[in-house]
Structure formats: C-alpha cells, structure tokens
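S.K.: Pasting in a structure now, in structure tokens, and then I'll have a few things to ask.
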Amino acid sequence: MDIIILPGLTGTNRLLGEFVSALAAASPGAVRVSVIAYPTDQRLDYAALTARVRALLPSDRPFIIVGESFSGPVALSLAITPPPGLRGTVLVASFARFPSTFSPLLAAAAPLAPVRQLPAAVFSWLLLGRWATRQRRAALKQELARIPASLLRFRAAATLRVDLTARLPEITTPLLYCRATADRLVHRAAGEEIQKTIANATLIDIPGPHFLLQTQAASCAAAVIEFMGRIG
C-alpha cells in the first residue's frame with residue numbers, strides 16, 4: 001500500500017525528509033512513499049489543490065493519504081468523495097476548520113501580514129517550541145525564505161476560511177488524527193471535532209509541537225504504519 005504525503009503551508013517536501021526516511025525504516029515491507037508538492041508560483045485555493053492532488057493519485061493500487069497541517073482540508077475533501085484506491089486518511093496537527101471565533105477577521109487581515117518582517121524566533125516558538133534546535137531553526141528559516149510571502153499569506157487566509165465540518169459525516173473510510181500535545185497553532189479541539197464527527201476516526205496524542213513530522217518523525221511513522229496494519 002502506498003503512503004502519499006500532502007505537505008504543510010509551504011507546500012514542498014523539503015521539511016519532510018526525516019519523516020519519509022522514518023516511514024521507510026518502520027514499514028514491514030515494500031511500502032512506496034511519495035510527497036505531492038504544490039506549485040510555488042500559483043495561488044491555488046483548496047478546491048484547486050484538491051483537484052490537482054486527485055489527478056496525481058495512483059489509479060492502479062491502494063494508498064493512504066497523510067495530510068499535514070495546511071493540507072488537512074485537502075485530505076478530508078478527498079476522503080469525502082474518495083478515489084477508488086483510497087483506503088484511509090491520516091491527519092497530522094490539522095483541522096476541518098480552524099478553531100477560532102476570530103477566523104473571519106484573521107482571514108481578512110492575512111493578506112497584509114508582515115511575513116518577512118517577523119523574527120525567526122517567532123516562527124520557531126510557534127512551530128517548534130521547546131523542540132527547536134539550531135538545525136531545525138535554520139531549515140525552517142531557509143524554507144520560509146524560498147516561498148513567496150504573498151503565497152504564504154494567501155494560504156494562511158485559506159486555512160482561516162475553510163470549513164468542512166458539515167461534510168465530515170460523509171467520510172466512511174478509516175481516519176487517524178495525530179494530535180501534537182504542545183501545538184501552539186492548532187487548538188486541540190480541532191482533533192476532537194473530527195474524532196466525534198467521523199464514525200471511523202481515531203485520535204492519538206503524540207508529544208511534540210505543531211511541526212510534529214519534523215520533530216517526532218519516528219513516533220509519527222510508527223503511528224501511520226500501525227494504522228495501515230489495522231485497515232489492511
């Protein structure tokens with residue numbers, strides 16, 4: 001069974017190398033792991049990203065989708081109207097809707113957010129927390145510098161507008177939600193909402209920050225492989 005990873009806000013595979021390696025090490029057989037990256041020169045909303053990913057999914061073999069953070073709504077949209085090969089979905093530190101009563105106001109302000117002016121320490125505190133290391137801070141800084149600030153703002157605004165909660169009961173394939181216990185970006189209620197609304201959903205807590213795949217790669221990989229074993 002394939003594992004297809006959908007990346008976080010930057011939309012690239014550059015921060016996922018350790019997790020991909022951990023999946024390969026933890027898999028009990030020949031598991032094919034791939035990352036579907038998003039264009040960095042186009043402002044694609046969630047509907048367009050979902051259509052793009054759907055067109056790139058395997059048509060001749062089963063797979064699961066791992067949606068990290070920003071990509072959770074893409075993974076959920078695919079699970080709502082599942083392609084033939086989809087056997088299950090894993091969400092990591094993600095959401096069906098961003099759990100904040102201020103989301104509409106934040107979304108309106110997102111296009112003006114001073115992404116380049118914010119100190120790197122702010123992003124480190126928010127995304128890495130006490131799991132920050134010099135190497136992880138440098139990798140995060142380099143990754144953010146590669147992505148146009150306007151695109152980061154566009155995607156951030158999209159996360160604050162999306163709301164798939166009304167359609168979650170339509171999901172019948174198994175789902176695993178990996179919740180970061182020290183997430184400073186996505187509230188723990190996001191996972192609880194998904195668990196309560198989807199009939200075949202399981203929630204597990206993994207100690208770590210919002211960047212769970214980057215700091216707890218082995219634990220996340222073990223959870224994904226165990227999930228695959230349960231769903232066959």
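S.K.: Which ones in the stretch 157-216 are under 13 Å from residue 96 (Cα atoms) and in a loop (DSSP other than H, G, I, E, B)?
M.R.: 162, 164, 171, 186, 187, 188, 198
S.K.: For the stretch 80-98, how many residues are farther than 18 Å from residue 192 by Cβ and crowded, with 23+ Cβ neighbours inside 10 Å?
M.R.: Within the stretch 80-98, the first condition is being farther than 18 Å from residue 192 by Cβ, and the residues that meet it are 80-88.
From what's left, crowded, with 23+ Cβ neighbours inside 10 Å: 88.
The total comes to 1.
S.K.: Mind checking whether some residue in the stretch 46-53 is in contact with a Ser or Thr (Cβ under 6 Å, 6 or more places away or on another chain), modelled with pLDDT of 95 or more and assigned to a helix (DSSP H, G or I)?
M.R.: Step one: list which residues in the stretch 46-53 are in contact with a Ser or Thr (Cβ under 6 Å, 6 or more places away or on another chain), which gives 50.
If we keep only those that are modelled with pLDDT of 95 or more as well, we get 50.
Filter once more, so that each one left must be assigned to a helix (DSSP H, G or I): 50.
Within the stretch 46-53, one or more residues are in contact with a Ser or Thr (Cβ under 6 Å, 6 or more places away or on another chain), modelled with pLDDT of 95 or more and assigned to a helix (DSSP H, G or I).
S.K.: Continuing with the same structure: Considering only the stretch 152-163, I want to know if a residue exists there that is among the acidic types (Asp, Glu), within 17 Å of residue 87 (Cα to Cα) and touching a residue at least 40 places away in the same chain (Cβ under 8 Å).
M.R.: Within the stretch 152-163, the subset among the acidic types (Asp, Glu) is 163.
Then keep just the ones that are within 17 Å of residue 87 (Cα to Cα); that gives none.
Looking through the stretch 152-163, none of the residues is among the acidic types (Asp, Glu), within 17 Å of residue 87 (Cα to Cα) and touching a residue at least 40 places away in the same chain (Cβ under 8 Å).
S.K.: Somewhere in the stretch 217-229, is a residue at pLDDT 95 or above, closer than 23 Å to residue 98 by Cα and in contact with a helix residue (DSSP H, G or I) (Cβ under 8 Å, 6 or more places away or on another chain)?
M.R.: Yes - at least one qualifying residue is present in the stretch 217-229.
S.K.: Answer with yes or no whether residue 165 is polar (S, T, N, Q), touching a strand residue (DSSP E or B) at 6+ places or on another chain (Cβ under 8 Å) and either buried (at least 19 other Cβ atoms within 10 Å of the Cβ) or under 28 Å from residue 21 (Cα atoms) (or both).
M.R.: Criteria not met by residue 165.
S.K.: I would also like to ask the following. Are any residues in the stretch 139-151 surrounded by fewer than 19 Cβ atoms within 10 Å (Cβ to Cβ), at pLDDT below 95 and not charged (D, E, K, R), and if so, which ones?
M.R.: 142, 144, 145, 147, 148, 149, 150
S.K.: Sticking with this structure for a sec: Of everything in the stretch 127-157, what is among the small types (Gly, Ala, Ser), under 20 Å from residue 43 (Cβ atoms) and in contact with a helix residue (DSSP H, G or I) (Cβ under 6 Å, 6 or more places away or on another chain)? Give them in sequence order.
M.R.: Narrowing the stretch 127-157 to residues among the small types (Gly, Ala, Ser): 129, 132, 138-139, 145, 149-150, 156-157.
Applying the additional criterion that residues be under 20 Å from residue 43 (Cβ atoms) yields 145, 149-150, 156-157.
If the condition is that a residue be among the small types (Gly, Ala, Ser), under 20 Å from residue 43 (Cβ atoms) and in contact with a helix residue (DSSP H, G or I) (Cβ under 6 Å, 6 or more places away or on another chain), then 149, 156, 157 are the ones that fit.
S.K.: Another one. Determine the pairs where a residue that is closer than 22 Å to residue 131 by Cβ and of a type in the set (A, V, I, L, M, F, W, C), located within the stretch 184-199, has a partner that is buried (at least 21 other Cβ atoms within 10 Å of the Cβ) and modelled with pLDDT under 90 with Cβ atoms under 8 Å apart, the partner being 6 or more residues away or on another chain.
M.R.: Hits for this filter: 186/98; 190/98.
The values are calculated or read from the model by the stated rules, or taken from the named source; none is laboratory data. Model, not experiment: these values are computed from the prediction. No Cβ is skipped: glycine too gets one built from the backbone with ideal geometry, and neighbour counts run over all protein chains shown.
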